[in-house]
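The values are calculated or read from the model by the stated rules, or taken from the named source; none is laboratory data. The shown structure was predicted, so the numbers you read here are calculated from the model rather than taken from an experiment. Methodologically, a virtual Cβ is constructed for each residue, glycine included, from the backbone with ideal geometry; neighbour enumeration extends over all protein chains shown.
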Amino acid sequence: MRQSQLFTKTRKEAPKDEEAKNAKLLIQAGYIHKEMAGVYDMLPLGLRVLKKIENIIREEMDNIGGQEIELSSLQDKNLWEKTDRWNDQNVDIWFKTKLKNDTELGLGFTHEEPLTHLLKDHINSYKDLPKYIYQFQTKFRNETRAKSGIMRGREFLMKDLYSFSKTDEEHSDFYKKARDAYLKIFQRVGLGDVTFMTFASGGSFSQFSHEFQTITDAGEDTIYLSREKKIAVNKEVYNDDVLNQLGLDKSSLEEVTAVEVGNIFNLGTKFSDALELKFKNESGDLQSVIMGSYGIGLGRLMGTVVEVMSDEKGIVWPKNIAPFDIHILVLNQDDEDVSKYAFDLYEKLQKEGKEVLIDDRDKGAGEKFADSDLIGIPTRIVISRKAVDSSLFEIVDRQSQKVTQVNESDILAELMR
């Protein structure tokens, strides 16, 4: 992509109406646009990052047997009344609306009910189980106060997977696979070293659910962390009985602030009982399907990466989710030889499968360097009159700020690493 053709622009200053670092940097760098509190548009650069996160999650969900679908956002009131989750006293984050005939509808904040109902048409026998079904879908939550930028929104993209099993043992086996898949996801997006499986309340379904908490000052949760065992306990269930059960020594735990970037939890038969999702076992008896739920908010994950990986100059994207692999800065862009050299390199890199953003704008060197740091693409190469004349080029690693000087003959090999 030519930067001169991007319709979005960077800002010299961060927006003053934002408190969260992720929103400030993403708006300033031209990744997102704020429509209103808790509602953000993904611009070209932001969408590229979001899609890369989505593809990583999709690969890991497919690897554990997930089947992707897409459910509707509009929700039938009657279905949710069966689980007692239509009542505003029980769920206070609904966005509700009406059809022209006064039929009341809601905008989905989660999808246990509709998917459970849908599967009544497809699950009848033990031979139809297990099934693992997921989607990437926009959720709507009428939060009293939207805050933390794209980490807590009123409209956001979420991956939600639901498991449907015959037995507790079958459910438990998949639950462990999902747990391991989540750890791989967070490793791949660059948060593996600061994200820990955390024991939290299981509600009415089981003693524990499992959150995945990333250490950051921008977080809303307090967790007690064992770095040695790579697990943590949420403050809500932190007590001596729980610590003893998990084999944790209170004196060795570290109290840290963290943000939840994913969760997995048992649903038991609450929804299958209420919505009558049953199957005939091998003896011909009817049983309720055992369910689990597994969620990741993609915007929240993206915002958390920015909170954790940024520095005083701007965003520092991990390679796996950066909008581009390489940022070519063309200085002296009016010089025909320099421009030709830069675009020849641009085309060679693209042919080799690299994603490249070339800054061919009519801007000064200082502005280009500052914007490059702000945008945060992992690798930068500078093409200037001096570099072309000397056949010596500077390649900069955004994360370490390490500058490597390479000869013309070594450029392609160095950038392909």
Item to complete: Please tell me if D102 is modelled with pLDDT of 95 or more, over 20 Å from R300 (Cα atoms) and of a type in the set (D, E).
Response: yes
Fill in: Matching residues, the range 279-310, being touching a residue at least 40 places away in the same chain (Cβ under 8 Å), surrounded by fewer than 19 Cβ atoms within 10 Å (Cβ to Cβ) and touching a Ser or Thr at 6+ places or on another chain (Cβ under 6 Å)
K280
Discussion item. Residues that are free of Cβ contacts under 8 Å to residues at least 12 places away in the same chain: list the helices (runs of 4 or more DSSP H) wholly contained in the range 1-110 that include at least 1 such residues.
Written reply: 44-63, 77-81
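Just wondering, is there one or more residues in the range 89-101 that are among the hydroxyl-bearing types (S, T, Y), over 21 Å from W317 (Cα atoms) and surrounded by fewer than 17 Cβ atoms within 10 Å (Cβ to Cβ)? Even if it seems obvious, please write down each step before you answer.
In the first step, residues of the range 89-101 are kept if they are among the hydroxyl-bearing types (S, T, Y); the result is 97.
The next check asks that each one be over 21 Å from W317 (Cα atoms); those that pass are 97.
Still in the list and also surrounded by fewer than 17 Cβ atoms within 10 Å (Cβ to Cβ): 97.
Within the range 89-101, one or more residues are among the hydroxyl-bearing types (S, T, Y), over 21 Å from W317 (Cα atoms) and surrounded by fewer than 17 Cβ atoms within 10 Å (Cβ to Cβ).
Of the residues D121, D160, D180, only one is acidic (D, E), out of contact with any Leu (no Cβ under 7 Å at 6 or more places or on another chain) and either closer than 29 Å to D92 by Cβ or surrounded by 15 or more Cβ atoms within 10 Å (Cβ to Cβ) (or both); which?
Result: D160 is the single residue among D121, D160, D180 that is acidic (D, E), out of contact with any Leu (no Cβ under 7 Å at 6 or more places or on another chain) and either closer than 29 Å to D92 by Cβ or surrounded by 15 or more Cβ atoms within 10 Å (Cβ to Cβ) (or both).
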Practice prompt. Enumerate the strands (runs of 3 or more DSSP E) found wholly within the range 263-376, keeping only those where 1 or more residues are farther than 27 Å from K21 by Cα and either assigned by TED's automatic domain parsing to the domain that holds E13 or under 29 Å from the mean Cα position of the chain (by Cα) (or both).
Written response: 278-280, 286-288, 290-297
Discussion item. Which count do you get for residues in the range 186-213 that are farther than 16 Å from Q245 by Cα and in contact with a Gly (Cβ under 9 Å, 6 or more places away or on another chain)?
Written reply: 7
Worksheet item: Here are some conditions: (1) within 16 Å of R48 (Cβ to Cβ); (2) touching a residue at least 24 places away in the same chain (Cβ under 8 Å). Q350 meets all but one. Which one does it not meet?
Response: (2)
Practice prompt. Please work out which one of (1) at pLDDT 95 or above; (2) within 30 Å of D217 (Cβ to Cβ); (3) not assigned by TED's automatic domain parsing to the domain that holds T257 is the condition S400 fails and give its number.
Written response: (1)
Worksheet item: Hey, A274 hits all of (1) surrounded by fewer than 18 Cβ atoms within 10 Å (Cβ to Cβ); (2) out of contact with any helix residue (DSSP H, G or I) (no Cβ under 6 Å at 6 or more places or on another chain) but one; which does it fall short on?
Response: (1)
Response to the item:
Selection over the range 106-127 where residues are under 28 Å from the mean Cα position of the chain (by Cα) and not acidic (D, E) yields a count of 12
Fill in: Top-ranked residue of the range 188-237 - restricted to ones that are hydroxyl-bearing (S, T, Y) and either outside the structural domain of L267 (by TED's automatic domain parsing) or surrounded by fewer than 19 Cβ atoms within 10 Å (Cβ to Cβ) (or both), ranked as modelled with the lowest pLDDT
S204
Discussion item. Could you go through the range 246-258 and let me know if any residue there is within 23 Å of S310 (Cα to Cα), touching a residue at least 60 places away in the same chain (Cβ under 8 Å) and not polar (S, T, N, Q).
Written reply: yes
Worksheet item: Looking at the range 72-80, is at least one residue assigned by TED's automatic domain parsing to the domain that holds K24, in contact with a Phe, Trp or Tyr (Cβ under 6 Å, 6 or more places away or on another chain) and surrounded by fewer than 17 Cβ atoms within 10 Å (Cβ to Cβ)?
Response: yes
Worksheet entry | Of residues in the range 366-386 being without any contact (Cβ under 8 Å) to a residue 24 or more places away in the chain and of a type outside the set (K, R), the one surrounded by the fewest Cβ atoms within 10 Å (Cβ to Cβ) | G366
